[in-house]
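The values are calculated or read from the model by the stated rules, or taken from the named source; none is laboratory data. In this text, all values refer to a predicted model and were calculated from it rather than measured experimentally. We place every Cβ from the backbone using ideal geometry, glycine too, and count neighbours over all the protein chains shown. Areas reflect the complete protein model, heavy atoms only, side chains present, ligands, DNA and RNA absent. Shrake-Rupley method; radii C 1.70, N 1.55, O 1.52, S 1.80 Å.
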Amino acid sequence: MRRAIYILPAMLAGCATLNTTLPSAPPEQFQAESDIQHAAAYDKYMDSHERLIRISRPILAANAPLCDKTREDIGAVTMRLKGLPKALRPLAKARLGFVGKEPRVLLAGGSGLKIGAIIKGPNGKPISAYSEALDIPPYKTQTVCDYPVRLKYSAAVNAYADGRHITVTTGLMEFASDEHIALIVGHELAHNTQGHIRKIIQNTILALGRGTFARQFESEADYVGLYYSARAGYAIDGAEQLWRKMGLRSVKSMSVAKSHPGTPLRFVQLKAASAEIVAKRAAGEPLEPNYR
């Protein structure tokens, strides 16, 4: 108590200050470095986005026959300015000519469209690359699962599905190989196609927050997602190694959580699913999950 009496007057006497004199940083140097870092972040985002679309599009196309919703895709990715991370918008304006609210081509993806171009529908109005109106000449389309894959600028190693889209972070893109990204995209696609988000909400309401079967849904997404990845031509030999890598990243993930199985269980289950797929290929059987 006596110590507190001595400390309080000292605090009221004035704010604490630094013990050293910092070197000065000229404003022009600060601005130059800021420009360099923002440009590097923009390039990283675009490179990661292009890689993600390159990996995920074959999965969405190969599994269209198994998807409940499909659309016609031209391979391009369009986005409105507000869809980009806020810090990258000034560069997008400068490089892509973003003006107004119209979606512009962010990635051409072999469509022949120019980066920064505006796609117009039959009525001459701007439309997104996901619009049904694109099922017209001169665009060459491909039928894909109607669950667009999006990139989120975040250091977190994460991906998730919301029933309509699939979102992958830039942190995950740095962490995983192409084959493991394909496995994760397949996993999130399975969440959507198997209706897991709707089922979890339904179970939560009916069970008053208990018994949502979230862990079982994660295991099912691993299983179905591996099939999705295999059907798109990605190598599945050693796919289960992803869960050893995840386990080493976080010791907590090795234990069974409320919403996710532990990484050892996911490793073993995915290895068994891989053997099942290999056996079906050898027997010439259709490459589809064993549905009930």
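With 0.36 nm allotted per residue and the present C-alpha distance subtracted, the Arg150-Ala257 stretch has 35.8 nm of extension available.
For the residue pairs Lys82/Lys199; Lys69/Lys140; Lys101/Lys152, the C-alpha atoms sit more than 22 angstrom apart in Lys82/Lys199. Accessible area of Leu91 (1.4 Å probe, protein heavy atoms only, ligands and nucleic acids ignored): about 40 Å². Taking amide H atoms as placed 1.01 Å from N in the peptide plane, the amide H of Thr143 lies under 5 Å from those of Asp73, each 5 or more residues away in sequence or on another chain. Annotation: amide H-H contacts under 5 Å for Leu107 (H modelled 1.01 Å from N, sequence separation of 5 or more, or interchain): Val77. Projecting the Cα atoms of Ser219, Leu206, Asn63 onto the charge dipole of the chain (Cβ charges, centred on the Cα centre) puts Leu206 farthest toward the positive pole. Springs join every pair of Cα atoms under 10 Å in this Gaussian network model of the chain, and among Arg249, Arg215, Arg89 the largest mean-square fluctuation is at Arg249.
For the chain, the mean residue ellipticity at 222 nm estimated from helices alone is -15500 deg cm²/dmol, where every DSSP H run of n ≥ 4 contributes -39500 (n - 2.57) and the total is divided by all residues, rounded to the nearest 500. On the beta carbon distance between Ala87 and Ile115, with R0 = 22 Å, the FRET formula returns roughly 0.65.
For region 170-292, the square roots a ≥ b ≥ c of the C-alpha gyration tensor eigenvalues yield an a/c of 1.5 or more together with a/b not exceeding b/c, which makes the shape oblate. Projected label points at Ala283 and Asp43, each 7 Å from Cα along the beta carbon direction, are separated by 5.2 nanometres.
Residues in region 65-77 carry Karplus couplings, in order, of x, 9, 8, 6, 10, 10, 8, 9, 10, 9, x, 8, 10 Hz; the curve used is 6.51 cos²θ - 1.76 cosθ + 1.60 with θ = phi - 60°, and Gly or Pro positions show x. Within the listed set Glu179, Glu102, Glu72, the Gaussian network model of the chain (springs between alpha-carbon atoms below 10 Å) gives the highest mean-square fluctuation for Glu102. Note that region 178-292 presents 54 Å² accessible area per residue, ligands and nucleic acids not counted, probe 1.4 Å. For the chain, the fraction of 1.4 Å probe accessible surface lying on carbon and sulfur atoms is 57 percent.
The calculated FRET efficiency for the pair Asp178 and Leu22, based on their C-beta separation and a Förster distance of 41 Å, comes to about 0.40. In percent, rounded to a whole number, the relative contact order of region 163-272 is 26, using alpha-carbon pairs under 8 Å and six or more apart. Between His196, His260, His180, the Gaussian network model of the chain with springs among Cα atoms under 10 angstrom shows the greatest mean-square fluctuation at His260.
Simple spin-label estimate for Arg244 and Gln31 gives 5.3 nm between the two label positions (7 Å along the Cα-to-Cβ direction from each Cα).
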